[in-house]
Amino acid sequence: MANVVVVGSQWGDEGKGKIVDWLSERADIVVRFQGGHNAGHTLVIDGVSYKLSLLPSGVVRPGKLGVIGNGVVVDPHALVAEIGRLAAQGVTVTPDNLRIAENAALILSLHRDLDTFRETSNSGTRIGTTKRGIGPAYEDKVGRRAIRVMDLADLPTLQDKIDRLLAHHNALRRGLGQAEIDPKGLYEELASVADKVLPFMDSVWQLLDEARRNGKRILFEGAQGALLDIDHGTYPYVTSSNTVAGQAATGSGVGPGAVGYVLGITKAYTTRVGEGPFPSEQTGEVGDFLGTRGHEFGTVTGRKRRCGWFDAVLVRQTIRTSGINGIALTKLDVLDGLEEIKICVGYTLEGRAIDYLPAAQAAQAAVVPVYETLEGWKESTAGARSWNDLPAQAVKYVRHVEELIGAPVALLSTSPERDDTILVQDPFQS
Ligand code: IMP
């Protein structure tokens, strides 16, 4: 029986929430392994909508364990607030259904300040971040000065760690003309939140090792998308973590062999939030059509998403960098009624044909998409539950996508409703 990792195969917002929910019903443990509360997943269970940012989807399902792995950056205030919001909806989060890795790094208010300052100042590259402090928190992690969850359990040594952290941040803040942080204030802030976080703390690698030996099924829940990966994405317009499937292992403390089936959530067109290259972007009528029909507004920041045609080059690349075994194709119904549908099948760069996205920033901005045009379909695909319910042209579109990206459609989602799904291959049985 395979474990499953779910990753976004584009720039995030591929509709992971519904698929993760569908799979979490079949899993015992749901593990987040990267990112933080920059993610936004909406789950609809029995007609009730739950918005999750930091918590793994498993926590809203009775009997499932949600785990926040060491690869996640945890804002303790956001954690407490999210648990509070769920409590108001009748979902109780306790150590029985949530564990947090002792070695996960914390996001502090100074990280949020720095993220916001950089995004709003006129110098440097504006990334269009979520301003949640994600990037600065990861910087401190790799800079070996982060405060980690376990440090909250050792208050006598916390002050020294804070001093080390502030030696860096206060120098930076002075340079930016910002007020310095008072070490005592930061200590008090952390001490006040410690007792709310510590009950969830655990040694996640040991917990997962034991779970695996007991035959438990694990679902690794990725956030964002592979094109936002710090190494394989459209750098520097990326998030600050590895979002590809390999991170499921390092971000939770299991070996690569434990990850299992890799499911890439893939939208039938393309969107991105924030700045950065987007070769198949449509700014005119088509972009407006996709944005309106697809309700393309960010769950976390409410920002309007940029929209464009399906880019088979990018998804084919992601299939390789994440080792995707099959895709879940989402939002096909958004294309219903279009006379014709384009798919980006290659690029030209300075007049030369290429079949991949180059790594250099200037080249990524300069590639020109090459399109194939397919005939659209008039009928609705919304709510289809079998291939027979789909118009012939829609089936043709899906088959052509599979051929172009070199991976099969394991699941086809035809509406936000959980039952409106065509299952071709159960990832847990593969
Ligand atoms: P950060 O993760 O807040 O640092 O933002 C870096 C980039 O990733 C920006 O372009 C964000 O819009 C994008 N991003 C972060 N989280 C998500 C997400 O969950 N969905 C889509 N884009 C995201």
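The values are calculated or read from the model by the stated rules, or taken from the named source; none is laboratory data. Since we're looking at a predicted model, the values are computed, not measured. In this analysis, Cβ positions are derived from the backbone assuming ideal geometry, glycine residues included, and neighbour counts consider all displayed protein chains.
Listed by position, the strands (runs of 3 or more DSSP E) inside the stretch 320-430 whose residues that are more than 30 Å from D28 (Cβ to Cβ) and not assigned by the TED database to the domain that holds D13 number at least 2 are 340-349, 352-354, 368-375.
State all residues of the stretch 29-49 that are more than 16 Å from the ligand (Cβ to nearest atom) and modelled with pLDDT under 95; if no residue qualifies, say none. Write out each step before concluding.
Here is the first cut: in the stretch 29-49, the ones more than 16 Å from the ligand (Cβ to nearest atom) are 29-31, 44-49.
Answer for the stretch 29-49, where residues must be more than 16 Å from the ligand (Cβ to nearest atom) and modelled with pLDDT under 95: V44, I45, D46, G47, V48, S49.
Scanning the stretch 215-235 for residues that are crowded, with 21+ Cβ neighbours inside 10 Å and either within 14 Å of the ligand (Cβ to nearest atom) or assigned by the TED database to the domain that holds P277 (or both) gives E221, G222, A223, Q224, G225, A226, L227, L228, D229, H232, G233, T234.
Residue count for the stretch 105-134 under the criterion of being in a loop (DSSP other than H, G, I, E, B) and within 16 Å of the ligand (Cβ to nearest atom): the result is 13.
Being at pLDDT below 95, farther than 30 Å from G308 by Cα, in contact with a strand residue (DSSP E or B) (Cβ under 7 Å, 6 or more places away or on another chain) and not hydrophobic (A, V, I, L, M, F, W, C) is a property that does not hold for G69.
Look through A27, A39 and report the one residue that is touching a strand residue (DSSP E or B) at 6+ places or on another chain (Cβ under 7 Å) and part of a loop (DSSP other than H, G, I, E, B). Exactly one of A27, A39 is touching a strand residue (DSSP E or B) at 6+ places or on another chain (Cβ under 7 Å) and part of a loop (DSSP other than H, G, I, E, B), namely A27. Of all the numbered requirements in (1) touching an Asp or Glu at 6+ places or on another chain (Cβ under 6 Å); (2) in contact (Cβ under 8 Å) with a residue 40 or more places away in the chain; (3) assigned to a loop (DSSP other than H, G, I, E, B); (4) of a type outside the set (D, E), L54 misses one, and that requirement is (2).
Which of the residues spanning the stretch 289-323 are among the hydrophobic types (A, V, I, L, M, F, W, C), more than 11 Å from D13 (Cα to Cα) and within 15 Å of the ligand (Cβ to nearest atom)? Don't jump to the end; show me each part of the working.
To start, the set of residues in the stretch 289-323 that are among the hydrophobic types (A, V, I, L, M, F, W, C) comprises 289-290, 297, 300, 307, 309-310, 312-315, 319.
Cutting the leftovers down to more than 11 Å from D13 (Cα to Cα) gives us 289-290, 307, 309-310, 312-315, 319.
Answer for the stretch 289-323, where residues must be among the hydrophobic types (A, V, I, L, M, F, W, C), more than 11 Å from D13 (Cα to Cα) and within 15 Å of the ligand (Cβ to nearest atom): C307, L314.
Just one of the listed residues (F289, F297) is more than 23 Å from V409 (Cβ to Cβ), out of contact with any Phe, Trp or Tyr (no Cβ under 6 Å at 6 or more places or on another chain) and free of Cβ contacts under 8 Å to residues at least 40 places away in the same chain, namely F297. Inspection of the stretch 263-279 finds no residue satisfying the criterion of being more than 30 Å from A365 (Cα to Cα), modelled with pLDDT of 95 or more and among the aromatic types (F, W, Y). Among the residues making up the stretch 252-282, those that are aliphatic (A, V, I, L, M) and part of a loop (DSSP other than H, G, I, E, B) are V254, V259, A268, V273. Report, by residue number, each residue of the stretch 236-245 that is within 9 Å of the ligand (Cβ to nearest atom) and of a type in the set (G, A, S). Matches in the stretch 236-245: S240, S241. Could you check, for the stretch 265-288, whether at least one of its residues is among the aromatic types (F, W, Y), within 16 Å of the ligand (Cβ to nearest atom) and touching a Ser or Thr at 6+ places or on another chain (Cβ under 8 Å)? Yes, some residue in the stretch 265-288 is among the aromatic types (F, W, Y), within 16 Å of the ligand (Cβ to nearest atom) and touching a Ser or Thr at 6+ places or on another chain (Cβ under 8 Å). The single residue among A312, A328 that is surrounded by 15 or more Cβ atoms within 10 Å (Cβ to Cβ), closer than 20 Å to Q224 by Cβ and of a type in the set (G, A, S) turns out to be A328.
Being touching a residue at least 24 places away in the same chain (Cβ under 8 Å), in contact with a strand residue (DSSP E or B) (Cβ under 9 Å, 6 or more places away or on another chain) and surrounded by fewer than 18 Cβ atoms within 10 Å (Cβ to Cβ): is that true of P76 here?
Working: touching a residue at least 24 places away in the same chain (Cβ under 8 Å): yes; in contact with a strand residue (DSSP E or B) (Cβ under 9 Å, 6 or more places away or on another chain): yes; surrounded by fewer than 18 Cβ atoms within 10 Å (Cβ to Cβ): no.
So P76 does not fit the description; no.
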